[in-house]
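Please read the structure below before turning to the comments.
The values are calculated or read from the model by the stated rules, or taken from the named source; none is laboratory data. Since the structure is predicted, the reported quantities are computational estimates derived from the model, not experimental observations. Glycine also receives a Cβ, built like all others from the backbone with ideal geometry; neighbour counts cover every protein chain displayed.
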């Protein structure tokens, strides 16, 4: 009897608190709680994993400018067309400069705001304040969210999620009390979501699900469809621009030989994998390799799981409409990222659950509340279970955030979770930048063992071998890279650098010429040739230096140091007239530079005046 009385007392207290709670206070508490749980991300560095693509561009680092706006709107040939995301990065630089903590905080703050909006959305769905707060925290503090807010390059995720949820809330307000102003607001939020990340193309379908539940719009189906046409049109344009960008960047061809059957099997397994990671979020990593041959048992298990949940949700659509809506929300919003159209090297990714997890959270939370019903014991059990789960997820989120503190830690963890050549290769690059050459070499050799035909690994290993003085071994790796990717500029440049170090100057010139034709930066090539020539000349070998310096000038006629070096090596060979003519050519090409002053004095003493 005492136990029953205590349970009824606890339930009554919960109901009393629910009546006194303010939804906007709940919004604030959710935002603050999410910030406290996720704020450790601000201590992380920028990682060499797409972050430089967003942060190191001069047009972005200049802040909000006309050129920056133009770039954001016209960057069609990037992987994604997401102008609002570019502008958010530019605004960070405008307000905070280059400090990584500020860029991280913006992402964390957007995530926290989205959690608060998701709480308000749940209230719009008819949830009680504590029901809505628990649901929003279960979504926001799940470790799968970490990749989206702790990775600056994924600003597009948190920005898109913010406007996606804002569009849903304002759409419900529009349906409750239609007006042109309210229609414009939800449509604007939807378009902003699309301009943040193309995966928001699923938004019109989610709006249709809301029409089914909780809005129960059963009349005027044509009107319901027509009011979404402007958003569908924008989504179509974004989809086309995204397809162009992905084709141009080559992201759709990184994994070769994918048949329609393989894509379908991968999509089915992906859904099962996402459900598994949502239910048991451990061993999460920044990269999961693509499995082109998934196990038959995995395909069958995922198919049965998806089919079973779909049947249960459909059969109970009248009694538990939220179950069908939440499940379809998950299936639809995850669909662009399950590999039916494969983009990138990854098989799956934590970030791809950002929107889909909201649907599952709604389905699970509403079903749990329905199970508890008016039973005091069940209500108390549900409250304690939800609270415990939130604490556990928050702890896992803090731990997962720690893996993003720097590039080495990130990929060491990725290798520990699921060893693959891509993670090994990225870890090696990070270690190489820290001067930890021996450790980097170990990981590169393992990457080559896993993927022997990946030219970039041979290029990077050749660089490490050069730095550690093993020229013959470096030559072997450079030649392997050149054999695997003869039309790649970096392989020709690497072979040229190795030849320079080995004293094979004619071969180096040929390789640098090849690299230049393939699009390698001419200034870099010219500088390497000029510096090597100068080194040779300083060791009493001006004749060997001359062809290298002349090639440097050919590659970059404006390179002042190369022009100066040519005059010096001609002087060293006693060819004063040619040296004088080379100096005249230098002044004509680059102007009268301070670096030429001593040359002019020296040559004018034995020849006609140098033009001024």
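Out of everything in region 446-470 that is over 26 Å from the mean Cα position of the chain (by Cα) and surrounded by 15 or more Cβ atoms within 10 Å (Cβ to Cβ), what residue ends up being farthest from residue 414 (Cα to Cα)? Checking each candidate, the answer is 470.
Rundown of residues vs (1) under 18 Å from the mean Cα position of the chain (by Cα); (2) not in a loop (DSSP other than H, G, I, E, B); (3) not assigned by TED's automatic domain parsing to the domain that holds residue 164, yes/no style:
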residue	(1), (2), (3)
59	no, yes, no
64	no, no, no
80	yes, no, no
85	yes, yes, no
92	yes, yes, no
95	no, yes, no
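Taking each residue of region 361-372 that is assigned by TED's automatic domain parsing to the domain that holds residue 134 and looking for partners that are surrounded by fewer than 16 Cβ atoms within 10 Å (Cβ to Cβ) and at pLDDT below 95 with beta-carbon atoms closer than 7 Å, six or more apart or interchain, yields nothing.
Taken as a whole, the structure places residue 269 among residues that are part of a helix (DSSP H, G or I) and touching a helix residue (DSSP H, G or I) at 6+ places or on another chain (Cβ under 9 Å). Scanning region 544-559 for residues that are touching a residue at least 40 places away in the same chain (Cβ under 8 Å) and either closer than 10 Å to residue 512 by Cβ or buried (at least 23 other Cβ atoms within 10 Å of the Cβ) (or both) yields 548, 551, 555.
Quick grid of which residues meet (1) touching a helix residue (DSSP H, G or I) at 6+ places or on another chain (Cβ under 6 Å); (2) crowded, with 17+ Cβ neighbours inside 10 Å; (3) under 26 Å from residue 156 (Cβ atoms); (4) modelled with pLDDT under 95:
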residue	(1), (2), (3), (4)
181	no, no, no, no
189	yes, yes, yes, no
194	yes, yes, yes, no
200	yes, yes, yes, no
203	yes, yes, yes, no
213	yes, yes, no, no
218	no, no, no, yes
221	no, no, no, yes
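For the condition surrounded by 13 or more Cβ atoms within 10 Å (Cβ to Cβ), at pLDDT 95 or above, in contact with a helix residue (DSSP H, G or I) (Cβ under 6 Å, 6 or more places away or on another chain) and more than 24 Å from residue 167 (Cα to Cα), residue 232 does not qualify.
Each residue in region 90-104 was checked for being buried (at least 19 other Cβ atoms within 10 Å of the Cβ) and within 24 Å of residue 164 (Cβ to Cβ), and 4 of them qualify. Against the definition (in a loop (DSSP other than H, G, I, E, B) and surrounded by fewer than 18 Cβ atoms within 10 Å (Cβ to Cβ)), how does residue 258 come out, yes or no? Answer is yes for this residue.
Would you pick out the residues in region 512-552 that are part of a loop (DSSP other than H, G, I, E, B) and in contact with a helix residue (DSSP H, G or I) (Cβ under 8 Å, 6 or more places away or on another chain)? Quick ask: steps written out before the conclusion?
Initially, region 512-552 is screened for residues part of a loop (DSSP other than H, G, I, E, B), giving 518-521, 539-541.
518, 519, 520 - these are the residues of region 512-552 that are part of a loop (DSSP other than H, G, I, E, B) and in contact with a helix residue (DSSP H, G or I) (Cβ under 8 Å, 6 or more places away or on another chain).
Filtered by the rule that a residue be at pLDDT 95 or above, part of a loop (DSSP other than H, G, I, E, B) and more than 27 Å from residue 150 (Cβ to Cβ), region 279-317 gives 316, 317.
Filtered by the rule that a residue be within 30 Å of the chain's Cα centre (by Cα) and more than 19 Å from residue 182 (Cα to Cα), region 206-235 gives 209, 233, 235.
What's the total number of residues in region 463-511 that are in a helix (DSSP H, G or I) and more than 18 Å from residue 445 (Cα to Cα)? The number of residues fulfilling the criteria is 19.
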